[in-house]
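A short write-up of the structure that comes next.
Computed from the coordinates by the stated procedures, all read-outs in this text should not be read as laboratory data. Just so it is clear, the structure is predicted and the values come from calculations on it, not from any experiment. Neighbour counts are summed over all protein chains in view; Cβ atoms, including those assigned to glycine, are modelled from backbone coordinates with ideal geometry.
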Amino acid sequence: MKNILLTLFILIHCFKVSAQVPEPAKPQSGSILLNGATAHLGDGTVIANSLISFVDGKLKMVADAETAKIDFSQFDQVIELKGKHVYPGLILPNTTLGLVDVNAVRATRDFQEVGGVNPNVRSLIAYNTDSELIATLRYNGILLAQATPTGGTVSGTSSIMMLDGWNWEDAAYVIDDGIHLNWPVQKLGARWWLGESEGRINPNYKANIGIIDQLFKDAFAYNKQSNPSNKNIKLGAMKQVVNGNASLFIHVNNRGGIIKSIQWAKKAGIKKVVLVGARDAYYAMDFIKENDVAVLLDEVHRLPNRTDEDFDLPYRLPGILHKNGILVGLTYPSLQSSRNLPFFAGTVSAYGLDKEEALKLVTSSTAKILGISDRTGTLKVGLDANLVVSEGDLLDMRTNQLTHAFIQGKALNLEGKQQALYKRFKAKYEGN
């Protein structure tokens, strides 16, 4: 019996030591005023000495301290931020955050369903608020993420989640914001293990396009019925997309696929289309702009697609599209690298785009693409109080040091596993 009790004691102690997920924040209980910070509003505007207040999770004032006359005593809490910078909370689209913890461990992976056509699969209910990865992203300024299923031809339905909450019900920001379609590639890569030096035509390309086309024709027909007698959960899940109330996110990279997928979507009657990936967007800019399609570019930090491309084209591409009037946001498919989202925007700003314009790529522009600009993405009176405070430039890894973060006015605990380990070993070596 003593051995059993000792074993239980050790297990409980180990669990307490390893449990590093911060406790979710409590709802905002009083009025808060942020005083003196340089405010980057997310729409290109900068206020060098700002006054920002929020009550009940909503922004009530965004003003210049040089001209506004405020009675500080009317606020329950005044936070002095002279020398610091305040930004809208960053938004990460197209991520498996909360759907996987360790890729090598099958039990922690819940981002892909069996089968090729799964519009009814919802990432929402698979989202794990206890993931230790969440705190590492919000420590860099990311407060909202579009949890997205992957795999197959139609991966499923994504939802936009707050990076704080006891469960997925608490964390849900926008439920079922869109369906994700992986556009088939027309040409497959060379099979080097068979001695092939060149790619080959995908033998299943036309068949896959036919499956997509038939699926959406059926979805339009099915959802025209007010009360279908034969229920179809796959077609029913597509109602918001075919009605134009949610977006169809088309994952495609090559130029031919970009053009063909947009042509198909317009012909099919899809009203809201967003390209995801779109690495060849440079070669289809006019077509994308002409059809008023938004783009979520992935992997700014990558090599060029072609040997004859400029080495820095991936860095310049978001700025090029932005300057040509295309609505652009940034994402990163690798969960391990997605925490660096602000630094991808920083790279873009170093390669031809103004820093405040680069900030839009991870705040207001992404909010517009995801259809949540009426709630977040900028520091504007009436919007949700989703904001972060940094010691310096949020887009520079040398000065991105968060001191405060708020989601709907809730003050977040920024102490994650990495911060706890840093303090632990810092104390050890300082003690020596």
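Some points to look at:
- Calculated FRET efficiency for the pair K289/D213, C-beta based, R₀ 30 Å, to 0.05: 0.75
- By the equivalent-ellipsoid construction on the alpha carbon gyration tensor, the stretch 65-107 comes out with semi-axes of 43, 13, 10 Å, ordered largest to smallest.
- For the pair A221 and E169, the difference between a 0.36 nm per residue extended length and the Cα-Cα distance amounts to 15.5 nm.
- Length gained on full extension, N202 to Y422: 74.2 nm, using 0.36 nm per residue less the C-alpha separation.
- Protection proxy ranking, highest mean first, for peptides 104-112, 365-373: 365-373, 104-112, where packing is the per-residue count of other beta-carbon atoms within 10 Å, averaged.
- Max mean-square fluctuation residue, GNM over the chain, Cα-Cα springs under 10 Å, options G319, G236, G346: G236
- Qualifying lysines (Cα of each under 19 Å from Cα of K267; at least 8 residues distant if same chain): K206, K217, K224, K239, K289
- Take the Cβ atoms of E23 and V102, set R0 to 22 Å, and the FRET efficiency comes out at 0.45.
- In this calculation the C-beta distance from V46 to F72 is compared with R0 = 30 Å, giving a FRET efficiency of 0.85.
- Prolate/oblate/rounded call for the stretch 156-256, Cα gyration tensor, a/c under 1.5 rounded: oblate
- Derived from the Cα gyration tensor, the three semi-axes of the equivalent ellipsoid of the stretch 125-193 are 30, 16, 10 Å, largest first.
- Among residues other than R200 with Cβ under 13 Å from its Cβ, the summed charge is 0 (Lys and Arg +1, Asp and Glu -1).
- Debye log10 I(q)/I(0) at q = 0.09, 0.18, 0.19 Å⁻¹ for the stretch 241-363, Cα point scatterers: -0.24, -0.93, -1.03
- Label-reachable residues, the stretch 203-245, where backbone N falls under 19 Å from a point 7 Å from A190's Cα toward its Cβ: 203
- In the chain, the C-alpha radius of gyration followed by the widest Cα-Cα span (Dmax) gives 23.4, 76 angstrom.
- Dividing the summed -39500 (n - 2.57) terms of all DSSP H runs of n ≥ 4 by the residue count of the chain sets its mean residue ellipticity at 222 nm at -8000 deg cm²/dmol.
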